[in-house]
Amino acid sequence: MIEVQNLTKYYKDFCAVDNISMTIRKGEILGLLGPNGAGKTTTLRMLTGYFRPSSGSITIKDYVMPEDNLKIKSLIGYLPESAPLYHNMLVYDYLEYVAKLKGIDDKEARYDRFLQLSDLCGLSAIMAKPIADLSKGLKQRVGLAHAMMTDPEILILDEPTSGLDPNQIAEIRNIIKTIGKEKTIIFSTHILSEAEATCDRIAIINNGRVVADDTTANLKQNAGRSSFIRLAIQGAQKNDVVDLLSGISEKLDISQVSENEKHILSFEIRCSDNTDFRSQIYLKIKETDWIIVEFQKESQALEKIFRELTREEK
C-alpha cells in the first residue's frame, strides 16, 4: 500500500528525518512513536505531500511522489495535531463547507455522508453547536469527520489524543479501531499504552531514524532484556538477598525496587540471555526462613523498551 525508501528531510543543516524506510500494508494500523523532536510530524507531513523530502521516495499504491501528488492526496485523509477548525461556525455548517470544498456538490450525497460521519464520530448531539463551545475531545471528533469526509483509503493522524482526558482518549481510540477495520491508518502518539492497545504495528523513531519497527509482542520478545522476574520477600536484608541470588548465575542482574512499611523488599531480576531462573531462585530461597510475598515473570513493558531504545540512540 505505502512504500517508503530512504526518506530524508533537511532543514538547512539540520537532519529531521534520516534515511527512513518502511512498508505499510493495506488495512494496517501503524503507530509512530518517538520523543519530541524525533521526526514524527515531519515524516507524516512528507507522507501527505505537505513537505517535499530532501531525498528518498514515497510510493502509495501505484503513485509516486511528487509526480502524482494530487492523486495521492485524494487517497489520504489528514488530521494534524491542531485540527484546522473554524470556531465561529456550527458543526453542521462547518462539515457542509468542508464537503463542498471536497467536491461533494450533491445535497443528498452530503446529507448521507453527514449521517455516516455523525454515527461514526459521535456527532449527532452537537451538530447545531458552535465549534468554539466544544471540548477538545469533541473538536477532535469534528476534525476526524473532516479528515474522513471523502471516505479516503488512508488516514494519517498526528497526535490525535494529545491533551485529552482518559475518557476522551478511550473514545478516540475506539473510533480509530472502528475505522481501522476498513482503512489503512498511520498515527503518531506519545501515549505508549494507546499504541499498544490500538496498533497492529509500532515504529519507534528517534533522532530522525527508525530504531524499532514490529508488532508490540515481537518488540517485547526481541528486546535485549524482554522479560524480568518480580520478587518480593519479607524477613530478609537486601544484601543477603543479592548475595544469595547472585550465586545462582553471573548472568543475573538483581536490583531492589522498593521496601514498604512492613519491611517487604521488592526486587527486579533480569537475565542477560533471557534464561528463566525461577526454579533455581525458588529452591535457594526455600533454604532460608524468608517469606516469598510475590514471585512472577513479567514481559518488559513497552514504556521500558521505548526508553531504552531512545536513550541508546541519543
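The values are calculated or read from the model by the stated rules, or taken from the named source; none is laboratory data. All values reported here derive from a predicted model rather than from experimental measurement. In this analysis, Cβ positions are derived from the backbone assuming ideal geometry, glycine residues included, and neighbour counts consider all displayed protein chains.
Do any residues in the stretch 85-104 that are in the same structural domain as S74 (by TED's automatic domain parsing) have Cβ atoms under 8 Å from those of residues that are part of a loop (DSSP other than H, G, I, E, B) and among the aromatic types (F, W, Y), where the two are at least six apart or on different chains, and which pairs are they?
If the second residue must be part of a loop (DSSP other than H, G, I, E, B) and among the aromatic types (F, W, Y), the pairs left are Y94/Y86; Y97/Y86.
Rundown of residues vs (1) assigned to a strand (DSSP E or B); (2) within 22 Å of the chain's Cα centre (by Cα); (3) closer than 19 Å to I204 by Cβ; (4) among the hydroxyl-bearing types (S, T, Y), yes/no style:
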{"residue": "S21", "(1), (2), (3), (4)": "yes, yes, yes, yes"}
{"residue": "G27", "(1), (2), (3), (4)": "no, yes, no, no"}
{"residue": "G31", "(1), (2), (3), (4)": "yes, yes, yes, no"}
{"residue": "A38", "(1), (2), (3), (4)": "no, yes, yes, no"}
{"residue": "T42", "(1), (2), (3), (4)": "no, yes, yes, yes"}
{"residue": "Y50", "(1), (2), (3), (4)": "no, yes, no, yes"}
{"residue": "T59", "(1), (2), (3), (4)": "yes, no, no, yes"}
{"residue": "S82", "(1), (2), (3), (4)": "no, yes, no, yes"}
{"residue": "L85", "(1), (2), (3), (4)": "no, no, no, no"}
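If R230 meets every condition in (1) outside the structural domain of F14 (by TED's automatic domain parsing); (2) in a helix (DSSP H, G or I); (3) of a type in the set (D, E, K, R) apart from one, which number is that one?
So R230 meets the others, but not (2).
Take the stretch 101-110 and flag every residue that is surrounded by fewer than 12 Cβ atoms within 10 Å (Cβ to Cβ) and on the phi < 0 side of the Ramachandran plot.
L101, D105, D106, K107, E108, A109
Out of the stretch 243-278, which residues are under 12 Å from I233 (Cα atoms) and among the basic types (K, R)?
Passing the criteria: only K262.
Looking at the stretch 168-216, what strands (runs of 3 or more DSSP E) fall wholly within it and have at least 3 residues that are surrounded by fewer than 22 Cβ atoms within 10 Å (Cβ to Cβ)?
209-214
Sort out which residues of the stretch 123-156 are among the basic types (K, R) and not in a helix (DSSP H, G or I), and write them in order of number.
K129
Just to verify a result, which residue in the stretch 152-167, among those that are in contact (Cβ under 8 Å) with a residue 60 or more places away in the chain and either hydroxyl-bearing (S, T, Y) or more than 19 Å from P84 (Cβ to Cβ) (or both), is surrounded by the fewest Cβ atoms within 10 Å (Cβ to Cβ)?
Applying the filter and picking the extreme gives S162.
For the stretch 7-41, what are the residues that are of a type in the set (S, T, N, Q), modelled with pLDDT under 95 and either within 15 Å of I76 (Cβ to Cβ) or touching a Pro at 6+ places or on another chain (Cβ under 9 Å) (or both)?
T41 - this is the single residue of the stretch 7-41 that is of a type in the set (S, T, N, Q), modelled with pLDDT under 95 and either within 15 Å of I76 (Cβ to Cβ) or touching a Pro at 6+ places or on another chain (Cβ under 9 Å) (or both).
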